[in-house]
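Below: the structure, in structure tokens.
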Amino acid sequence: MKFVNQIHPSFKLNGQNFNASELFEFAKDLEKSGIHYEINIGKFLRQWLDNNESVLVKTSGSTGVPKNIQLYKEQMVNSAKATGIFFKLPENTTALLCLPSNYIAGKMMLVRAMTLGWNLHIVAPEKDAITQYDNDYDFVAMVPYQVHHSIKSLNKIKKLIIGGGAISKELNDQLQNVDTEVFATYGMTETITHIAVRRINGLAKSNEYTALPEVKFSLDKRECLVIDAPNVSTEKVITNDMVQLNSSSNFEYLGRVDNVINSGGVKLFPEQIEAKLSLYISIPFIIASEKNVELGERVILILELANKEITATISEAISKLNPFERPKKIYTFSKFPLTETGKIKRKEVMNILKESLNNTK
């Protein structure tokens, strides 16, 4: 069935009403602006308003090589409606787009606004975007880096969702002291952003992720999450994320199966060790493993540290881990390779490290 593009009559962009034809012309003006983030918004809006049933979207590349995938517009509309229902965000909701719209998270803020009739304020996707304006918002999406630089201004936001990266223990602790309702999201490009969320502050805070409407969960033989979300994906999505499944609509995240370390028969999740260390270590780092005769695999710590000097703070942080979790070897990088969205490319780091170690033998 052909997708019929409808713009909600209450939809506003920076306070201005647009119908479909007016929005198309505005999108062309944005593309001509010469401002990078506006060009990306303009390109997507023109894609959204064309006669095609799908749009081409690029994945972030955090778990592999970035790739382009086709998403059906009807499914993107379904995702927007599910967000509106779950978070109770009716028409005339005020929202902020401060994420780059060349990725799915930014695109979906535009789709939600057009579908649900929001008043969307668009700004440059800078680290402290919320601090630069006096506006108050009902709903905002940010990455952890932006939240870190916006703590003192979060009172402008009623509901905040955080995605695109791990939330450190330090940031999590800071968010306990704000009035904003803050949620961590779980999802990916293939599921058209979040299909589960968990509250991370207030009386409703939880370690469990709860499914959005019409989403069900199960496990495969690896104990990895399988997502059944027919409104946003025609096929079940099989992930590499190991979880503790508490029900068909609730799970606790453990870590990625391809990152799991089996050290002396003990299964360790790098993401959990990193969360503990992040309270004390402020520089970029990752936990990984290397082969070991006695343990099979041993835990290693890789730091972005130009001078290679391991500080007392880092040593103290390691001492607070339980014995199985403590890194048996520490390596340093002068600069980590990053994805376009700022995530450390773990596989590339490990490939560079292995090559470096082989060259020193």
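Key figures
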{"item": "Some residue of the stretch 335-346 being farther than 27 Å from Gly163 by Cβ and touching a residue at least 12 places away in the same chain (Cβ under 8 Å)", "result": "no"}
{"item": "Residues (touching a Phe, Trp or Tyr at 6+ places or on another chain (Cβ under 9 Å), farther than 18 Å from Leu89 by Cα and either among the basic types (Lys, Arg) or assigned to a helix (DSSP H, G or I) (or both)) located in the stretch 1-23", "result": "Leu23"}
{"item": "Residue among Lys320, Lys354 that is outside the structural domain of Gln146 (by TED's automatic domain parsing), out of contact with any strand residue (DSSP E or B) (no Cβ under 9 Å at 6 or more places or on another chain) and without any contact (Cβ under 8 Å) to a residue 60 or more places away in the chain", "result": "Lys320"}
{"item": "Scope the stretch 159-217; condition among the basic types (Lys, Arg) and touching a Ser or Thr at 6+ places or on another chain (Cβ under 9 Å); matching residues", "result": "Lys159, Lys169, Arg198, Arg199, Lys216"}
{"item": "Those residues of the stretch 122-150 which are hydroxyl-bearing (Ser, Thr, Tyr) and outside any strand (DSSP E or B), in sequence order", "result": "Thr131, Tyr133, Tyr145, Ser150"}
{"item": "Looking only at the stretch 1-21, and only at residues there that are surrounded by 13 or more Cβ atoms within 10 Å (Cβ to Cβ) and free of Cβ contacts under 8 Å to residues at least 24 places away in the same chain, the one that is farthest from Tyr137 (Cα to Cα)", "result": "Phe18"}
{"item": "Selection status of Lys58, out of contact with any helix residue (DSSP H, G or I) (no Cβ under 6 Å at 6 or more places or on another chain) and under 19 Å from Gly187 (Cα atoms)", "result": "yes"}
{"item": "Single condition Tyr209 does not satisfy, out of (1) out of contact with any helix residue (DSSP H, G or I) (no Cβ under 7 Å at 6 or more places or on another chain); (2) surrounded by 20 or more Cβ atoms within 10 Å (Cβ to Cβ); (3) at positive phi", "result": "(3)"}
{"item": "Options Val243, Val266: the member that is more than 18 Å from Ile302 (Cα to Cα), of a type in the set (A, V, I, L, M) and outside the structural domain of Phe324 (by TED's automatic domain parsing)", "result": "Val243"}
{"item": "Per-region count, the stretch 150-192, residues small (Gly, Ala, Ser) and crowded, with 19+ Cβ neighbours inside 10 Å", "result": "5"}
{"item": "Tabulated pairs, the stretch 23-43, first farther than 20 Å from Leu96 by Cα, second part of a loop (DSSP other than H, G, I, E, B), C-beta under 8 angstrom, 6+ apart or interchain", "result": "Phe24/Leu49"}
{"item": "Any chance Lys169 is touching a residue at least 60 places away in the same chain (Cβ under 8 Å) and among the basic types (Lys, Arg)", "result": "yes"}
{"item": "Lone qualifier among Glu325, Glu290, Glu294, Glu316 - being surrounded by fewer than 18 Cβ atoms within 10 Å (Cβ to Cβ) and under 18 Å from Ser168 (Cβ atoms)", "result": "Glu316"}
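The values are calculated or read from the model by the stated rules, or taken from the named source; none is laboratory data. Since we're looking at a predicted model, the values are computed, not measured. Backbone-built Cβ (ideal geometry, glycine too); neighbour counts: all protein chains shown.
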